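Please read the structure below before turning to the comments.
The values are calculated or read from the model by the stated rules, or taken from the named source; none is laboratory data. None of these values were measured; they are calculated from a predicted model. When we count neighbours, we look across all protein chains shown, and the Cβ atoms used for this are built from the backbone with ideal geometry, even at glycine.
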Amino acid sequence: MRHIISVLMENEPGALSRVVGLFSQRNFNIESLTVAPTEDSTLSRLTVTTIGSDRVIEQITKQLNKLIDVVKVVDLTEGDHIERELMMIKLKATGQMRAEIKRTADIFRGQIIDVTPNTYTVQLTGASDKLDAFIQTLGTTNIMEVVRTGVSGLSRGEKVLSL
Amino acid sequence: MEQLSGAQMVIRALRDEGVKHIYGYPGGALLHIYDALFQQEEVQHVLVRHEQAATHMADAYARATGKAGVALVTSGPGATNAITGIATAYMDSIPMVVITGQVMSFLIGEDAFQETDMIGVSRPVVKHSFSVQNPEDIPSIIKKAFHIAESGRPGPVVVDIPKDMTNPTDRFNYEYPKSIKLRSYNPVSRGHSGQIKKAIDMVLDARRPVIYAGGGVIMGDASTELTELAKLLNAPVTNTLMGLGGYPGTDRQFIGMLGMHGSYEANMAMHHADLILAVGARFDDRVTNGVDKFCPTAKIIHVDIDPASISKTIQADVPIVGPAKHVLQEMVGLVKESKKQPVKEAIDSWWQQIEEWRARHGGRYRTDDSDKMKPQQVIEMLSKVTKGDAYVCSDVGQHQMFAAQYYKFNKPNRWINSGGLGTMGFGLPAAMGVKMNFPDEEVVCVTGEGSIQMNIQELSTISQYNIPVKVICLNNQSLGMVRQWQDMNYESRHSQSYMESLPDFVKLAEAYGHVGMKVEKYEDLEAAMTEAFSLKDRMVFMDISVDPFEHVYPMQVPRGSMRDMWLSKTERT
């Protein structure tokens, strides 16, 4: 099953490599990974999506917690949560396709953020499956380039991951 | 406040941490530190002949005392040579601080001479690592390194110091912190009382309990508490390879080591148990055999300081995260207070069963199938001559298993071996590290002619510092454990498992200024060994010829249950 694991960790050199190294060392899988400092510049927030059985996920959270740089770990998928991913997608946009891409982007609430005579670049935000759906709808023939940030997420309501 | 250079701060911080000996090897990146070392006398440096030995010496000191050992190695090859020793300590959860030199900070990343990314290379085998970015941070980093290495589940910590951080002309205020707090690291100090109560309730209901205790009892200084609990419960105790000595080896309730080469009675008892109380053990693959067939009728209580060890391979029914000493103390208190007592008739009949198993196979080996001496006989003699009271530092292979099976350890911290990583070459430097810190104790290295040659150069260090350890080399002229597997699984095709061109170990020992002895007949063994141990201030190398065809038994059948064992070359359960 797919899990979104959020990690609050010291914003120290080498901290990220310890997390990434842990995943490869213990044969855990990484679907996506995002990391950036928080409002407190001494802390980084890392979000990793991974797929594994309950036992594997338990080991992942325990092993992450063991890392000295890691302050807190939470499996967001255990409770209600919000997830978002941002995608920028560059598309061939000529002839009839120009209007078609614009319509589809509107349906998905995407924005066209760069335009040339032959291309559109669409920015789209949402859960990962929404971004997948957009790609599927347009078909791969028009796609020139895709870049995705990976998933970020947090718990709904009052629950927070902080010191 | 005192003004010290970075180099001086390194040495001073070690002194203030109470470090007496450090083990190391100098090099370009460490010259400032070695110069600071030269100008003081409180911290003694031991010059090894290979950095791997420095780490094993520091590691063995930690295994014998519970305090972190310290190794000092230079950048590049010095650091990479230390990796095997760091990994050895990591796998067995041994506290160690390894200080590595690094090229000057402005050269990092430029493939400078003797540059290695030590933080990167060591990352998978350290508990944590630090790279010094400012010389002022050296005291607090060293304090943190010791704190992390020794607390919680112990482990090795690397401190990487670029040469310019130790520059003798740059001076800084020095103050060694008394204590340190890390917001991201708070190891548990006690177990959950509710869980402990629940566990004891189950233990007192058990009809066929087994206490399965590992290295956590040794490093957690919980041997007394374990013994007290076992006595109160009249429960059988088995130790893992790492846990030997955690419970007195000659006590009636001790049923031997368990696992791949565990005793018949220990493995049988585990398989038939209805309750297993695991303390400071991690259900390693060399213990469980096939996990799907592991102890089918047992409820499992798992006490460990590391939550990640619990339910990693075997699901625990009652997990208890906490230090072994505290949890066992609380358990002892609960049993004493409890109105409920162990089910006497059930425990009595359980013991009857265990005694039957013990009588059937316990500790047997054949001496009539060869005219050569048996390695088991040598270990039994060693146990006799040293009265079961020596520090036994082992290498890795058949001799290690024979030592684990036939030396009766009555005290903790006396059996010192590389259990997790299985590092050949560990034994001799380990014995040196122990002997330097316990000069009045008997310290033995049990080894084979394969393992000993992996760090044989340390015979030179032994000469320099006069470290009178005794080497018991079980010479079977082959890599015995490899050969055993080849005999059992590869129709005796002995691919690369025999040792040709062995040196004359007696002459070799003598060349380094030591005493060499060769023993070929069992009749001569006792006299020779007694003589060796009577030479208190000499290092003695005993080269003992043993039966090259001997196998270690029992041996679990791969992927079977705990009770599926070969008991001899012809006999299976």
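Within the option set B:His45, B:His56, B:His32, being in a helix (DSSP H, G or I) and in contact with a Gly (Cβ under 7 Å, 6 or more places away or on another chain) holds for one residue only, B:His56.
Out of curiosity, is B:Thr240 more than 13 Å from B:Gln353 (Cα to Cα), touching a Phe, Trp or Tyr at 6+ places or on another chain (Cβ under 7 Å) and among the hydroxyl-bearing types (Ser, Thr, Tyr)? So B:Thr240 fails the test. Taking the criterion of being part of a helix (DSSP H, G or I) and out of contact with any Asp or Glu (no Cβ under 6 Å at 6 or more places or on another chain), the residues of the stretch B:1-26 that qualify are B:Gly6, B:Ala7, B:Gln8, B:Met9, B:Val10, B:Ile11, B:Arg12, B:Ala13, B:Leu14, B:Asp16. Which of the residues that make up the stretch A:1-38 are touching a Pro at 6+ places or on another chain (Cβ under 8 Å) and over 14 Å from A:Ile60 (Cβ atoms)? Matches in the stretch A:1-38: A:Asn11 only. Residues of the stretch B:290-303 being more than 14 Å from chain A (Cβ to nearest Cβ) and either among the basic types (Lys, Arg) or within 17 Å of B:Ile196 (Cβ to Cβ) (or both), which ones? Across the stretch B:290-303, the qualifying residues are B:Lys293, B:Lys299, B:Ile300, B:Ile301, B:Val303. Just one of the listed residues (B:Pro154, B:Pro187) is buried (at least 20 other Cβ atoms within 10 Å of the Cβ), closer than 27 Å to A:Val71 by Cα, within 14 Å of chain A (Cβ to nearest Cβ) and not hydrophobic (A, V, I, L, M, F, W, C), namely B:Pro154.
Applying the criterion of at least 2 residues that are under 19 Å from B:His21 (Cβ atoms), modelled with pLDDT of 95 or more and outside the structural domain of B:Gln44 (by TED's automatic domain parsing) to the helices (runs of 4 or more DSSP H) found wholly in the stretch B:424-539 leaves B:427-437, B:459-465.
Per-residue answers, yes or no, for (1) free of Cβ contacts under 8 Å to residues at least 24 places away in the same chain; (2) within 15 Å of the chain's Cα centre (by Cα); (3) crowded, with 17+ Cβ neighbours inside 10 Å:
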position	(1), (2), (3)
B:Glu355	yes, no, no
B:Thr367	yes, no, no
B:Pro375	no, no, yes
B:Asp389	no, no, no
B:Cys393	no, yes, yes
B:Gly397	no, yes, yes
B:Phe402	no, no, yes
B:Trp415	no, yes, yes
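Taken over the stretch B:304-337, the criterion of being among the small types (Gly, Ala, Ser) and either facing another protein chain (nearest Cβ under 10 Å) or not in a helix (DSSP H, G or I) (or both) is satisfied by B:Ala308, B:Ser309, B:Ser311, B:Ala316, B:Gly322.
A single member of B:Ala68, B:Ala87, B:Ala62 is under 20 Å from B:His128 (Cβ atoms), under 14 Å from the mean Cα position of the chain (by Cα) and either modelled with pLDDT under 95 or surrounded by fewer than 24 Cβ atoms within 10 Å (Cβ to Cβ) (or both), and it is B:Ala87.
Selection of the stretch B:315-339 for residues being under 21 Å from B:Ala230 (Cβ atoms) and among the aliphatic types (A, V, I, L, M) yields B:Ala316, B:Val318, B:Ile320, B:Ala324, B:Val327, B:Leu328, B:Met331, B:Val332, B:Leu334, B:Val335. Checking each residue in the stretch B:471-512 for being of a type in the set (A, V, I, L, M, F, W, C) and under 23 Å from B:Gln457 (Cα atoms) picks out B:Val471, B:Ile472, B:Cys473, B:Leu474, B:Leu479, B:Met499, B:Leu502, B:Phe505, B:Val506, B:Leu508, B:Ala509, B:Ala511.
Can you pull out every residue in the stretch B:533-547 that is surrounded by fewer than 21 Cβ atoms within 10 Å (Cβ to Cβ) and more than 15 Å from B:Arg366 (Cβ to Cβ)?
Of everything in the stretch B:533-547, those that are surrounded by fewer than 21 Cβ atoms within 10 Å (Cβ to Cβ) and more than 15 Å from B:Arg366 (Cβ to Cβ) turn out to be B:Phe533, B:Ser534, B:Leu535, B:Lys536, B:Asp537, B:Arg538, B:Ser545.
What do you reckon, is B:Asp389 outside any helix (DSSP H, G or I) and in the same structural domain as B:Ser534 (by TED's automatic domain parsing)?
Details: outside any helix (DSSP H, G or I): yes; in the same structural domain as B:Ser534 (by TED's automatic domain parsing): yes.
Judged against the criteria, B:Asp389 is a match.
Looking at the stretch B:88-134 only, could you name the residues that are within 12 Å of another protein chain (Cβ to nearest Cβ), under 26 Å from B:Gly220 (Cβ atoms) and assigned to a strand (DSSP E or B)? Those that are within 12 Å of another protein chain (Cβ to nearest Cβ), under 26 Å from B:Gly220 (Cβ atoms) and assigned to a strand (DSSP E or B): B:His128, B:Ser129, B:Phe130. Regarding B:Asp137, is this residue within 14 Å of chain A (Cβ to nearest Cβ), outside any strand (DSSP E or B), surrounded by fewer than 18 Cβ atoms within 10 Å (Cβ to Cβ) and among the acidic types (Asp, Glu)? Spelling it out, B:Asp137 is indeed within 14 Å of chain A (Cβ to nearest Cβ), outside any strand (DSSP E or B), surrounded by fewer than 18 Cβ atoms within 10 Å (Cβ to Cβ) and among the acidic types (Asp, Glu).
When B:His147 is tested against (1) touching a residue at least 40 places away in the same chain (Cβ under 8 Å); (2) within 14 Å of chain A (Cβ to nearest Cβ), just one condition goes unmet, and that condition is (1). When we screen B:Asn466, B:Asn489 for residues that are under 23 Å from B:Gln556 (Cα atoms) and surrounded by fewer than 20 Cβ atoms within 10 Å (Cβ to Cβ), the only hit is B:Asn489.
Summed over the stretch B:90-118, residues that are within 19 Å of B:Tyr25 (Cα to Cα) and either touching a residue at least 12 places away in the same chain (Cβ under 8 Å) or of a type in the set (S, T, N, Q) (or both) total 14. Residues in the stretch A:130-163 that are in contact (Cβ under 8 Å) with a residue 12 or more places away in the chain and assigned to a loop (DSSP other than H, G, I, E, B): A:Thr149, A:Gly150, A:Val151, A:Arg156, A:Gly157, A:Lys159, A:Leu161, A:Ser162, A:Leu163. What residue, of B:Asp251, B:Asp274, B:Asp292, B:Asp285, is of a type outside the set (A, V, I, L, M, F, W, C) and in contact with a Pro (Cβ under 9 Å, 6 or more places away or on another chain)? On inspection, the qualifying residue turns out to be B:Asp274.
A quick yes/no check of all residues on (1) in the same structural domain as B:Leu229 (by TED's automatic domain parsing); (2) modelled with pLDDT under 95; (3) among the charged types (D, E, K, R); (4) farther than 16 Å from B:Arg190 by Cβ:
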| position | (1), (2), (3), (4) |
| --- | --- |
| B:Asp306 | yes, no, yes, no |
| B:Ile320 | yes, no, no, no |
| B:Lys325 | yes, no, yes, no |
| B:Val332 | yes, no, no, no |
| B:Val343 | yes, yes, no, yes |
| B:Glu355 | yes, no, yes, yes |
| B:Asp368 | no, yes, yes, yes |
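Determine if the stretch A:119-129 includes at least one residue that is within 30 Å of B:Ala316 (Cα to Cα), in contact (Cβ under 8 Å) with a residue 60 or more places away in the chain and either crowded, with 20+ Cβ neighbours inside 10 Å or more than 14 Å from every other protein chain (Cβ to nearest Cβ) (or both). No, there is no match, as no residue in the stretch A:119-129 is within 30 Å of B:Ala316 (Cα to Cα), in contact (Cβ under 8 Å) with a residue 60 or more places away in the chain and either crowded, with 20+ Cβ neighbours inside 10 Å or more than 14 Å from every other protein chain (Cβ to nearest Cβ) (or both). Being farther than 19 Å from B:Ile310 by Cα and among the aromatic types (Phe, Trp, Tyr) is true of B:Tyr247.
For (1) out of contact with any strand residue (DSSP E or B) (no Cβ under 8 Å at 6 or more places or on another chain); (2) crowded, with 16+ Cβ neighbours inside 10 Å; (3) among the polar types (S, T, N, Q); (4) closer than 17 Å to B:Ala58 by Cβ, each residue gets a yes or a no:
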{"site": "B:Glu2", "(1), (2), (3), (4)": "no, no, no, no"}
{"site": "B:Gly6", "(1), (2), (3), (4)": "no, yes, no, no"}
{"site": "B:Asp16", "(1), (2), (3), (4)": "yes, yes, no, no"}
{"site": "B:Val19", "(1), (2), (3), (4)": "no, yes, no, yes"}
{"site": "B:Ile22", "(1), (2), (3), (4)": "no, yes, no, yes"}
{"site": "B:Tyr25", "(1), (2), (3), (4)": "no, yes, no, yes"}
{"site": "B:Leu30", "(1), (2), (3), (4)": "no, yes, no, yes"}
{"site": "B:Leu37", "(1), (2), (3), (4)": "no, yes, no, yes"}
{"site": "B:Glu42", "(1), (2), (3), (4)": "yes, no, no, no"}
